[in-house]
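I have placed the structure first, in the form of structure tokens, so that the comments after it can refer back to it.
Read the figures in this text as sums done on the coordinates, not as results from a lab. Quick caveat: nothing in here was measured; it's all calculated off a predicted structure. Glycine gets a Cβ as well: all are built from the backbone with ideal geometry, and neighbour counts include every protein chain shown.
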Amino acid sequence: MNTSIVVIPTYNEVESIGTLLGALKALPVDILVVDDGSPDGTAEICKEFGVEVISRSGKLGLGSAYRTGFALALARDYHSIIQMDADGSHQVSDLARMMEWIGTSELLIGSRWVADGGIENWSKFREYLSRGANAYANLLLSLGIKDVTSGFRIYDVGLLRRVEISTINSEGYCFQIEMTRRALARGGSVGEIPITFIERAHGVSKMSFAIAFEAILRITSWGFLRLIGR
Ligand SMILES: Nc1nc2c(ncn2[C@@H]2O[C@H](COP(=O)(O)OP(=O)(O)O)[C@@H](O)[C@H]2O)c(=O)[nH]1
Ligand SMILES: [Mg+2]
């Protein structure tokens, strides 16, 4: 057993997951995939690689996939819990660099929007959506973090325990924002490490209007509660 485990949520990533799992073999990490019953056979590929998979009954959302995966990882004796996407957007070479910083902050965020970070092949629409969500979250919640929506992270288990993940309610990508907010509220130290996010070459994004809407709604209501001092 390694001291770090990578939790990877998947839904229909059959064309990407094998490349990622192969590359991750070079790093001293255990791997846990949380697959939402992908009809394309994603889970079967993972099993061929000898990787542990939690197979859920259907597409239950990114937030709940992470809650499930983190709960299992926390029940074991790891020091760090890593999260990254399955679609090749998060580079294993960037993870190797991020891991060199373990111990310096309890939450390390792989950040697109700090100096030396960036994006490749992303549509202008997605870039503005990400920049806009970060600007809005920082305006209303004063988080002071450039890439609060990044799904490329390393958590110290001590911080994850303080966060009480079972009480994080976000269903979609807003999970990242709620986790960051809670981490800061529980006294967590947060550092951002520059990464290059490369848009997927295979498969399709699971981002939807409903997912974006949940984030806008939750950020707005947290901002309002903050304003009235609650
Ligand atoms: N288990 C699970 N994984 C999901 C779900 N939605 C997205 N993912 C995974 O989360 C990661 C990020 O999703 P992606 O569609 O690439 O989002 P984007 O990069 O923002 O366009 C990928 O590994 C997806 O397969 C879900 O409902 N359940
Ligand atoms: Mg993606």
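Between the stretch 182-197 and the stretch 92-164, what is the C-alpha centre distance in whole Å? The distance from the Cα centre of the stretch 182-197 to that of the stretch 92-164 comes to 6 Å.
Sorted by mean Cβ packing within 10 Å, highest first, what order do the peptides 201-212, 73-84 take? Before the final figure, lay out each step's value.
On the way: 201-212: 13.0, 73-84: 18.8.
Peptide ranking by packing, descending: 73-84, 201-212.
The angle between the Cα long axis of helix 62-74 and the longest principal axis of the Cα atoms of the chain comes to about 70 degrees, rounded to the nearest 10. Each Lys and Arg Cβ is given +1 and each Asp and Glu Cβ -1; about its Cα centre, the stretch 1-156 then shows a dipole of about 440 debye. Take the Kirkwood radius over Cα pairs of the chain, plug it into Stokes-Einstein at 4 °C and 1.567 mPa s, and you get 73 µm²/s for translational diffusion.
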